[in-house]
Amino acid sequence: MTDMQTEDLIDEMIAKLDSSQKNETLLETVKSLRNTAGETGLSASQITSLCKIGTSGKFNSVVSGQIIKSLIPRENVPEEAALLILSKLCADAQSLKVQHLLLKWLVLVFDLIATKSKIHSLYSIIFHFIESEILCPTVCHLLFMLTRKCDVTHYRISKLLTLQKKIGSQPYLCGLLTVYKMYQPSLISMSGRHRVFFRKTDKSWNDIIQNVQQKYGLCVRSERLLTSPVKMPKKLTNQLMTSPKCSMVHENTQASFPISQIATDKIPMHRIKSFQEVLDNFSKLDLSCQSHTLLSSTTLQHIVAVTSDRTVPIRLNFWFNLCLRNELIGVAGETTQGTHLLKTLLCFIDLTQECPPACESFLFRYLCTWNGFDYRVFILKLITKLKVLPFTTLQSMVLAPLYKLYIFSTHVFFKCSVIGILTELLRNYVTTEVKKYEQLVQVQYESTEQFDDARHSIFSYKLEKFDANQTIQHLIQFIDDLCVEGMETDDNNYVLYFYFIQFYKLVSRIYTDHGRPVLSLPSKAFFQKLLFCLDPSFISSLCGILMNYKEVTTQMKQNDLLNSSHQDQIKLLNQYLVDTFYTLWRRRAFHPSCSDSTVVYAGLESSHQDLSDTDVFNPKRMFALDRHPAFVAHAANFLSVSKRDGKEAINGEFVFEESFKEYLESHCLAEIPRLIQSLTTT
């Protein structure tokens with residue numbers, strides 16, 4: 001049926017107002033109108049006309065109820081229609097049943113209302129209806145979506161708390177108080193035991209509206225941003241809904257007129273079609289009252305990052321906190337909703353480059369009982385996004401639970417994942433988070449200007465002063481301990497070795513790449529196992545790591561950054577360099593100074609060796625480049641390629657030739673000759 005035919009039905013309805021026809025004929029017309037509206041929807045003008053008819057008070061409750069049920073919007077709902085309904089509610093011209101239906105309809109189409117500034121001005125009038133026992137649940141739901149910071153007054157808080165004492169801790173009252181608590185946390189205390197707040201508002205009516213909206217190119221997304229229902233007991237699933245109800249995200253709607261012609265001071269987000277329109281109308285944007293809708297597109301997330309309205313990130317953080325607690329804390333196993341929520345959170349963090357405080361508090365609680373399997377990819381990824389914390393906090397809340405899982409896990413893949421994400425956490429600290437923290441501390445504690453956290457951070461939080469470099473130093477030591485534990489418990493697994501090496505490569509270049517005066521060498525156990533491992537690429541990586549440390553100490557010395565606290569590390573580095581050089585190059589594995597300046601051969605005296613230097617099986621030569629188990633194949637291949645006499649393998653003089661160094665470089669082992677060259681020229 002066309003719009004013209006629908007208009008004819010409305011005209012017929014208006015004509016019957018003054019007629020004397022029987023109610024049976026009138027009901028048939030209303031029924032026909034309802035069926036037509038359910039298929040094609042009504043335009044804005046038709047919605048306004050029907051609102052006037054349905055609230056006129058000239059019909060009984062049955063007819064008025066059918067007219068209200070026919071209010072199926074095709075696109076947007078004009079604010080005038082909502083104002084008309086609220087004014088009729090105040091006039092007390094309708095029965096309680098009709099008033100309840102009108103409020104239900106406002107809740108259903110809340111996000112379709114073009115603008116809400118005038119509706120918000122009636123907040124006090126709507127609040128008055130909480131006195132009604134029948135209307136209170138729906139009124140609380142409507143106020144839940146309308147409430148802003150300016151609406152939270154002591155009088156209203158007192159009124160709600162008094163009502164709560166009178167009728168008990170009803171879910172709908174708790175829902176509204178939850179929003180009030182966000183703005184006045186010191187005045188409201190709640191147990192937080194409710195998972196849902198508001199009963200479903202006529203599912204069949206809601207489905208009809210959604211079907212018509214989707215038919216005209218609109219997309220309806222639930223408050224949870226989840227596509228499948230929450231797994232709850234049947235009784236609750238049939239009666240309750242999560243709060244707030246829904247959000248509308250307009251994707252391909254054909255606007256009836258361009259943005260430039262909108263007369264209102266505020267432009268609703270569904271009118272925005274491109275990022276350029278966001279830039280052109282930034283000061284006029286009217287963000288949705290439901291904070292979760294900001295997560296539906298990257299454009300809206302950019303607005304969160306730059307808006308001066310501090311209530312937007314506060315409400316968004318509150319929503320994250322509520323959903324993470326309800327969907328994940330204390331919920332066994334993985335759910336589709338939990339997975340979708342974590343994906344949404346990670347996408348938001350990746351775009352804004354800032355971790356909400358709700359994510360941090362969630363991780364602190366969740367890791368205490370985490371089994372290491374549920375949502376593993378997302379939980380480990382979230383850990384890498386944490387802001388820099390005092391090491392005592394990081395140790396007790398994050399690292400200690402991970403350490404227990406790491407030690408008792410029999411899966412090498414999980415241990416690799418833990419080392420990998422802690423390496424990424426360290427990388428995030430030295431590249432971004434520490435600099436951001438130091439800037440915030442300088443502005444908040446040391447600047448004479450008034451601190452405005454909105455200029456430096458999306459989310460507001462009180463900073464605690466601590467030494468960020470000390471956190472980095474302790475974190476490195478913690479990961480180093482995990483590496484040693486992994487070597488001992490997993491029998492030198494080479495997959496683990498790869499992750500260990502990636503970690504030490506990062507640590508060895510912290511000062512060079514990021515300017516942090518951090519000098520922390522690998523443990524002796526790691527150095528020993530890597531120097532004598534059977535993989536030449538690992539030995540080459542070890543040489544590269546030692547070369548990085550050598551360059552770092554030189555640069556720090558030139559910049560006067562070395563102090564007494566670095567002396568032990570410098571001494572250990574010298575021991576590593578001497579052992580590596582004597583073992584691989586000088587053919588003096590058990591060199592004379594082993595008891596004084598060695599790590600690998602500590603306690604072994606070279607004078608105890610009875611074999612001569614020319615003996616083929618002399619232990620001093622067993623780990624040189626030509627005899628080392630990891631390089632025997634390379635030495636044999638080099639002699640074969642260069643067509644050398646096999647007798648040359650006995651004396652091993654070929655390792656000193658430039659051609660052998662070039663051979664190593666061509667086989668991705670360039671770090672070995674690079675380190676040797678550096679040590680022989682100094």
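The values are calculated or read from the model by the stated rules, or taken from the named source; none is laboratory data. Note that the structure is a prediction, hence the values are computed from the model and not measured. FYI the Cβ positions are ideal-geometry reconstructions off the backbone, even for glycines, and counts take in every protein chain you see.
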Residue that is within 21 Å of residue 432 (Cβ to Cβ), at pLDDT 90 or above and in a loop (DSSP other than H, G, I, E, B), where the choices are 394, 386: 386
Qualifying residue in region 152-160 (condition: part of a helix (DSSP H, G or I) and within 23 Å of residue 96 (Cα to Cα)): yes
Single residue of region 89-122 satisfying the filter (surrounded by fewer than 17 Cβ atoms within 10 Å (Cβ to Cβ) and under 24 Å from residue 166 (Cβ atoms)) that is modelled with the lowest pLDDT: 92
Check on residue 389, within 29 Å of residue 490 (Cα to Cα) and of a type outside the set (Val, Ile, Thr): no
Total residues in region 310-328, condition part of a loop (DSSP other than H, G, I, E, B) and at pLDDT below 90: 1
The lone exception for residue 39 - which of (1) at pLDDT below 75; (2) surrounded by 13 or more Cβ atoms within 10 Å (Cβ to Cβ); (3) farther than 28 Å from residue 96 by Cβ it fails: (1)
Counted residues, region 331-353 - those being in contact with a Leu (Cβ under 9 Å, 6 or more places away or on another chain) and at positive phi: 0
Test: residue in region 545-564 that is touching a residue at least 40 places away in the same chain (Cβ under 8 Å), in a loop (DSSP other than H, G, I, E, B) and closer than 30 Å to residue 629 by Cα: no
Whichever residue in region 333-353 is farther than 17 Å from residue 300 by Cα and outside any helix (DSSP H, G or I) and, among such residues, is farthest from the chain's Cα centre (by Cα): 333
